[in-house]
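So the structure is just underneath, and the comments pick up after that.
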Amino acid sequence: MSKITPMTDPDEIRRMLQPKDTGTSIEAVSTWSLVLHCTKCNLQTSGIYTETGDITRRCPACKSILMYCPACHNLTSATERFNILSCDKCKTDFVTKSTIEYLASRDRESREIVLSGIRATGKLHLGNFLGAVQRFVEYERGDNLCMYFVADWHTLTTCDDPREISTNSIAIASDYLAAGLNPERSIIYTQSSVPELAELALYLSMFQSKNQLEDLPTLKDMVRDRRFISMGHLFYPVLMAADILGPRATVIPVGSDQVPNV
Ligand SMILES: [Zn+2]
Ligand SMILES: [Zn+2]
């Protein structure tokens with residue numbers, strides 16, 4: 001997913017692509033026409049845009065949004081799925097501008113920032129639904145900014161098959177949607193899609209004593225069972241702290257087994 005947003009406002013596109021040699025006279029600026037191309041229908045649509053304002057242009061045939069793609073630098077059509085715009089030429093996915101504005105407004109106005117993660121160890125079961133996901137849906141209906149993530153990095157301590165983790169992550173996200181979470185109201189993401197969390201965990205690790213981490217019940221159990229303990233196991237609670245502190249979460253619904261780590 002790209003963090004740059006594509007341009008959908010024809011005036012904005014026009015200003016950027018305006019040939020320099022047309023000069024700045026009113027006539028020259030207002031007669032230069034912008035040709036947008038629908039990749040789906042292979043249709044060119046042109047027009048002279050003199051008004052200002054955020055008006056999205058759509059293909060006259062298939063009604064797809066027409067945009068300037070900042071990834072492949074083409075004027076092309078895009079496919080909308082939930083709050084994601086996907087370039088029809090290069091297939092890059094973008095979060096739409098309106099989604100970013102909506103989330104920013106929710107961030108300012110929300111009562112709580114609710115955060116919960118789940119490890120990508122398998123598909124969700126009924127217990128997950130009754131214990132957690134049902135509550136997620138309730139939080140979402142309230143005046144909260146909800147962030148639900150798949151902790152794919154945390155899964156690496158018990159699973160070393162990236163394909164399995166990726167398949168499970170997609171399955172969990174689909175189950176979230178099937179259970180009633182609205183992707184236009186909540187932020188649903190994988191931990192690894194936010195590399196800044198790893199960076200934050202590195203800084204936090206400078207303040208965390210090794211002894212305190214070794215004292216955690218889960219690690220003590222592993223020592224007693226003479227299991228292999230990686231740096232990842234030791235680092236687990238530090239990364240968890242970054243998961244929480246990064247988005248400044250105020251409500252963190254967790255299972256009782258996770259309380260010592262938190
Ligand atoms: Zn079209
Ligand atoms: Zn593109």
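Listed by Cβ neighbour count within 10 Å, with the fewest neighbours leading, Leu145, Leu130, Leu234, Leu36 appear as Leu130, Leu234, Leu36, Leu145.
In the chain, the DSSP-assigned H stretches of four residues or longer account for a calculated mean residue ellipticity at 222 nm of -10500 deg cm²/dmol, using -39500 (n - 2.57) per stretch and the full residue count as denominator. Its residues counted as N, the stretch 110-258 yields a C-alpha radius of gyration over 2.2 N^0.38 Å of 1.07. For the chain, the number of Lys pairs separated by eight or more positions or lying on different chains, with C-alpha atoms closer than 15 Å, is 6. Across the chain, how large is the tail of the calculated P(r) beyond 35 Å, expressed as a percent of all Cα pairs? Counting every Cα pair in the chain, those more than 35 Å apart make up 33 percent. By how many nm would the segment from Asp221 to Ala179 grow when fully extended, if each residue of separation counts as 0.36 nm and the alpha-carbon distance is taken off? Extra length available between Asp221 and Ala179 comes to 11.7 nm. Within the set of other residues whose C-beta is less than 12 Å from the C-beta of Cys159, count the net charge using Lys and Arg as +1 and Asp and Glu as -1. In short, -2.
Only the coordinates and a few stated rules stand behind these numbers; no lab work does. Because the structure is a prediction, the values reported are computed rather than measured. Reconstructed Cβ throughout: ideal geometry from the backbone, glycine too, with neighbour counts over all protein chains shown.
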